[in-house]
1. Can you tell me how many residues within region 56-87 are among the β-branched types (Val, Ile, Thr) and either surrounded by fewer than 21 Cβ atoms within 10 Å (Cβ to Cβ) or modelled with pLDDT under 95 (or both)?
2. Just name the residue that is farthest from His98 (Cα to Cα) out of those in region 30-50 that are in contact with a Lys or Arg (Cβ under 7 Å, 6 or more places away or on another chain) and of a type outside the set (D, E, K, R).
3. Taking Met35 as the residue in question, decide whether it is closer than 22 Å to Gly144 by Cα, hydrophobic (A, V, I, L, M, F, W, C) and more than 15 Å from the chain's Cα centre (by Cα).
4. Return the residue satisfying two criteria in turn: it lies in region 146-158 and is of a type in the set (Phe, Trp, Tyr) and modelled with pLDDT of 95 or more, and of such residues it is nearest to Gly17 (Cα to Cα).
5. Which of (1) buried (at least 16 other Cβ atoms within 10 Å of the Cβ); (2) in contact with a strand residue (DSSP E or B) (Cβ under 7 Å, 6 or more places away or on another chain); (3) within 21 Å of Ala13 (Cβ to Cβ) does Asp109 not meet, given it meets every other one?
6. For region 111-139, how many residues are in contact with a Gly (Cβ under 8 Å, 6 or more places away or on another chain), part of a loop (DSSP other than H, G, I, E, B) and either β-branched (Val, Ile, Thr) or within 19 Å of Glu19 (Cα to Cα) (or both)?
Amino acid sequence: MSRLDSMMRRLAAQRDGLEWGHAMVGDTAGDYVDMGLGNGRTYDHLREIAPDRRIWVIDRILQCHPSCVPPEKDFLQGEAEEMLIKLAGSGSKIVLAHYDFGFGEKEKDVAEAARLSPLIGACMAPGGVLISGQPLVGFEQVRGPETVAPDRYCFYKV
């Protein structure tokens, strides 16, 4: 598979996964979190499908498209571990989380996701959903949308 095809498949999985997660959450009260802002595409999509939700964003640096800058009060800038601890301590009830942190090295990315999993769990409300580009540990893995190959993206219930 070409890198272009792989990227298109990843972006479609993100979109379909976010929409699946949003439908799974339904009217359950709580906030969303996008871990790994990057260019801001997934954050922008979350804003579009969930305009009435508070969407927290975590990233080391703010370098997204100007149209995708989150409100300052919702942007937790810094290292993932510290920001997840801060989010858990905020009292917010996270019902949907999208995990997209990464270094671009598969082994390192998988290890980081496993290391951060307990901190992510501390932020999540019971019954919440996680959509992740990397395998997470300590959550119940479920089948996500039928449009996403099981090896492309991971889906979990808390």
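The values are calculated or read from the model by the stated rules, or taken from the named source; none is laboratory data. Values in this document were obtained by computation on a predicted structure and should not be read as measured data. Positions of Cβ are generated from backbone atoms using ideal geometry, with glycine treated the same way; all protein chains shown enter the neighbour counts.
1. Residues that pass the stated criteria total 3.
2. Gly30
3. Spelling it out, it is not the case that Met35 is closer than 22 Å to Gly144 by Cα, hydrophobic (A, V, I, L, M, F, W, C) and more than 15 Å from the chain's Cα centre (by Cα).
4. Phe155
5. Of everything listed in (1) buried (at least 16 other Cβ atoms within 10 Å of the Cβ); (2) in contact with a strand residue (DSSP E or B) (Cβ under 7 Å, 6 or more places away or on another chain); (3) within 21 Å of Ala13 (Cβ to Cβ), Asp109 misses just condition (2).
6. Here the count works out to 2.
Okay, residues lined up against (1) charged (D, E, K, R); (2) exposed (fewer than 13 other Cβ atoms within 10 Å of the Cβ); (3) modelled with pLDDT of 95 or more; (4) over 12 Å from the mean Cα position of the chain (by Cα):
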{"residue": "Gly89", "(1), (2), (3), (4)": "no, yes, yes, yes"}
{"residue": "Phe103", "(1), (2), (3), (4)": "no, yes, no, yes"}
{"residue": "Leu116", "(1), (2), (3), (4)": "no, no, yes, yes"}
{"residue": "Ala125", "(1), (2), (3), (4)": "no, no, yes, yes"}
{"residue": "Val137", "(1), (2), (3), (4)": "no, no, yes, yes"}
{"residue": "Gln141", "(1), (2), (3), (4)": "no, no, yes, yes"}
{"residue": "Gly144", "(1), (2), (3), (4)": "no, no, yes, yes"}
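Okay, residues lined up against (1) in contact (Cβ under 8 Å) with a residue 40 or more places away in the chain; (2) touching a Pro at 6+ places or on another chain (Cβ under 8 Å); (3) not basic (Lys, Arg):
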residue: Arg15; (1), (2), (3): no, no, no
residue: Tyr32; (1), (2), (3): yes, no, yes
residue: Leu37; (1), (2), (3): no, yes, yes
residue: Pro71; (1), (2), (3): no, no, yes
residue: Glu79; (1), (2), (3): no, no, yes
residue: Glu82; (1), (2), (3): no, no, yes
residue: Lys86; (1), (2), (3): no, no, no
residue: Ser90; (1), (2), (3): no, no, yes
residue: Glu105; (1), (2), (3): no, no, yes
